[in-house]
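Below is one structure, written out as structure tokens, with a few remarks after it.
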Amino acid sequence: NIAANKQEQFVTLCQLIGRPELASDPRFAERETRKQNRAALKVLIEDALADASAAAWEEKLNRAGVPAGRVLTIPQVLGERQVTERGMTTRFEGMPGMDQALTVVRGGFMVDGAAPLPAGPPPALGEHMDDVFATLPARGKTRAQA
């Protein structure tokens, strides 16, 4: 993702990707014309970005004042340094019916320096059904009786 919303950011982006002429191209010279010609601009920028990795562009663009961030997969996000250092996940081992550990995301905020812990692992399929059915209008009936 690249957020070159300001004119000076767009000019910087064009210079960094080696296409300074795009900043003066009538199709892209103004924010409004960039919106109108977004598809064409997207192709040109993507072609220029193919010369380096997403991580390299993220670093280069941010260093120059053009907000940019890689789009990560869930496993990549969970492996990011800030996620692990802040303890933003919890692993549950040996859950019934699962042949591997389950990683869950903790609260995205801190209380007294720690992210809230889940009360426990997620319930097994149907584990709380009787409790749920007991709260429904036909009170007191179990799943089997309902």
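Some observations on this one:
- The residue that is surrounded by the most Cβ atoms within 10 Å (Cβ to Cβ), among those in segment 73-91 that are among the aliphatic types (A, V, I, L, M) and in contact with a helix residue (DSSP H, G or I) (Cβ under 9 Å, 6 or more places away or on another chain), is 88.
- Per-region count, segment 15-39, residues surrounded by 11 or more Cβ atoms within 10 Å (Cβ to Cβ), among the hydrophobic types (A, V, I, L, M, F, W, C) and under 26 Å from the mean Cα position of the chain (by Cα): 2
- Checked against (1) without any contact (Cβ under 8 Å) to a residue 40 or more places away in the chain; (2) crowded, with 16+ Cβ neighbours inside 10 Å; (3) of a type in the set (A, V, I, L, M, F, W, C); (4) part of a loop (DSSP other than H, G, I, E, B), residue 11 passes all but a single condition, namely (4).
- When residues of segment 44-63 are limited to those that are more than 23 Å from the chain's Cα centre (by Cα) and at pLDDT 95 or above, the one farthest from residue 12 (Cα to Cα): 47
- Residue 126 being small (Gly, Ala, Ser), under 20 Å from the mean Cα position of the chain (by Cα) and loosely packed, with under 10 Cβ neighbours inside 10 Å: no
- Among the residues of segment 71-94, the ones that are within 15 Å of the chain's Cα centre (by Cα), in a loop (DSSP other than H, G, I, E, B) and without any contact (Cβ under 8 Å) to a residue 24 or more places away in the chain come to 3 in all.
The values are calculated or read from the model by the stated rules, or taken from the named source; none is laboratory data. Just so it is clear, the model here is predicted, and its values are computed rather than measured. Positions of Cβ are generated from backbone atoms using ideal geometry, with glycine treated the same way; all protein chains shown enter the neighbour counts.
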